[in-house]
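The next block holds one structure in the form of structure tokens; read it before the comments.
Read the figures in this text as sums done on the coordinates, not as results from a lab. Because the structure is predicted, anything quoted here is derived from the model rather than measured. Here the Cβ is made from the backbone with ideal geometry for all residues, glycine too, and neighbour counts use every protein chain on show.
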């Protein structure tokens, strides 16, 4: 949870998200191995992190992958194919987009920035 | 003193499939023609560093043109009555028509991504008339890039296509250069990147054609970046393995847009290949 809180702070302090995130309002699920979070994004800022989502925690879309995949993605010098979420969607079968792909791609620009901020 | 670049842009009428197309091209330098082909959904601006490189332009007449529908080239008449879909046949015809219209003699054809791909077909079909090809991020077969969201009424096509392609850059490439490429991509017309990628994903298969390339007639240099996940180094290696005498360079720390995303790092890879072409 400490990592997620640090991630939230990076996203919410990011000057680019402040420019491009105005229309980005959605609930995202991030599943790191067995651990799932539902993150509520409001106008490009992370408003809430639910570390124990129950049946009533709705998510618009999300990403799921084993920890080994996330570790490569968030490393400061990510290896090829793990360096971008679109790259992983094309070349890393264990990295899965769940939920409403249309909503995800409508927000592609801000979403890509937000994902890259995982690489703190 | 104003910083005026030596690049000159002009328009030329080119007949493609019986229709007159107004084609924009820019050029710089003198010598052996070096015809540069942009990537899917982009335009000739991608070649500005090559066009501005005095070491190249003192030996080569560097020419980069915008495909119809791209950049400052207009679509053919009645474009609004058909969906833009590029094909291998049409792409080859456009390149051929442009180079014959400009009367380029034994050019070197350099392309990137789908331009690097079609350069292989240009070499296979016109090797007697070329000096050679430089294929950047070249593959003979490239399924998997197309999706319906590339042209969709509920998605901002410019932002989506620019973001979809942004991850093709290497993470270590300078931010300002990656963002410039994003900007160029964001300006593509509706459905144009989708139409290009339709060709690249579904029509493009030159795995047989490349076996006809004779590098004694037409030199072949292939350069592919480590972080290119669309045309991976392994995909270019498969091409190189099918063309005896071809040169292949693996560019560590480079992505899918070497001439745009990190020209200072790309340049030392490119210059020896251009020297090989000119030699």
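Brief remarks on what is shown
- Exposure proxy order (Cβ contacts within 10 Å, fewest to most) of B:198, B:256, B:152: B:152, B:198, B:256
- Of all beta bridges that DSSP places with both ends in the protein assembly as shown, some 50 percent have antiparallel geometry.
- Peptide B:161-170 - average C-beta neighbours from other chains (10 Å radius): 5
- Counted over the range B:8-278, the DSSP beta bridges are approximately 35% antiparallel.
- Normalised contact order of the range B:71-185, rounded percent, pairs of Cα under 8 Å and 6 or more residues apart: 17 percent
- Neighbouring Cβ atoms from other chains, within 10 Å of the Cβ of residues in B:223-230, number 4 on average.
- Taken as Cα centroids, the range B:216-279 and the range A:1-27 sit 38 Å apart, rounded to the nearest whole angstrom.
- GNM result for chain B, Cα springs below 10 Å: residue of B:31, B:71, B:158 fluctuating most strongly: B:31
- The range B:169-273 shape via C-alpha gyration tensor axes, a/c threshold 1.5: oblate
- Share, in percent, of DSSP beta bridges within the range A:2-116 that are antiparallel, nearest 5: 75 percent
- Rotationally averaged projected area of the range B:64-107 (alpha carbon convex hull; nm²): 3.7 nm²
- Reported to the nearest whole Å, the Cα centre-to-centre distance from the range A:36-54 to the range B:84-135 is 50.
- Shielding score for B:34-44, defined as the mean number of other chain Cβ atoms within 10 Å: 0
- Take B:225-231, B:173-179, B:144-150 and order them by the average number of nearby Cβ atoms within 10 Å per residue, most first; the result is B:225-231, B:144-150, B:173-179.
- In terms of other Cβ atoms within 10 Å, B:80, A:23, A:70 run from fewest to most in the order B:80, A:23, A:70.
- In chain A, helical runs assigned H by DSSP with n ≥ 4 each contribute -39500 (n - 2.57); averaged across all residues and rounded to the nearest 500, the mean residue ellipticity at 222 nm is -10500 deg cm²/dmol.
- Tensor-based shape of the range B:8-278 (alpha-carbon gyration tensor, a/c under 1.5 rounded, otherwise prolate or oblate): rounded
- Per-residue Cβ neighbour counts within 10 Å put B:193, B:91 in the sequence B:91, B:193, beginning with the fewest.
- The protein assembly as shown - convex hull of the alpha-carbon atoms, volume per residue in Å³: 146 Å³
- Chain B: relative contact order in percent, alpha carbon pairs under 8 Å with at least 6 residues between: 19 percent
- With contributions of -39500 (n - 2.57) from each DSSP H run of at least four residues, the per-residue ellipticity at 222 nm computed over chain B stands at -9500 deg cm²/dmol.
- For the range B:55-151, the alpha-carbon coordinates run over 42, 31, 27 Å along the three principal axes, in decreasing order.
- Using C-alpha pairs below 8 Å separated by at least 6 residues, the relative contact order for chain A is 25 percent.
- Peptide ranges A:11-21, A:26-36, A:79-89 listed from the most packed, as the mean C-beta count within 10 angstrom indicates: A:79-89, A:26-36, A:11-21
- Selected from A:44, A:101, A:62 as most flexible by GNM, with chain A as the system and alpha-carbon contacts under 10 Å: A:101
- Tensor-based shape of the range A:2-116 (alpha-carbon gyration tensor, a/c under 1.5 rounded, otherwise prolate or oblate): rounded
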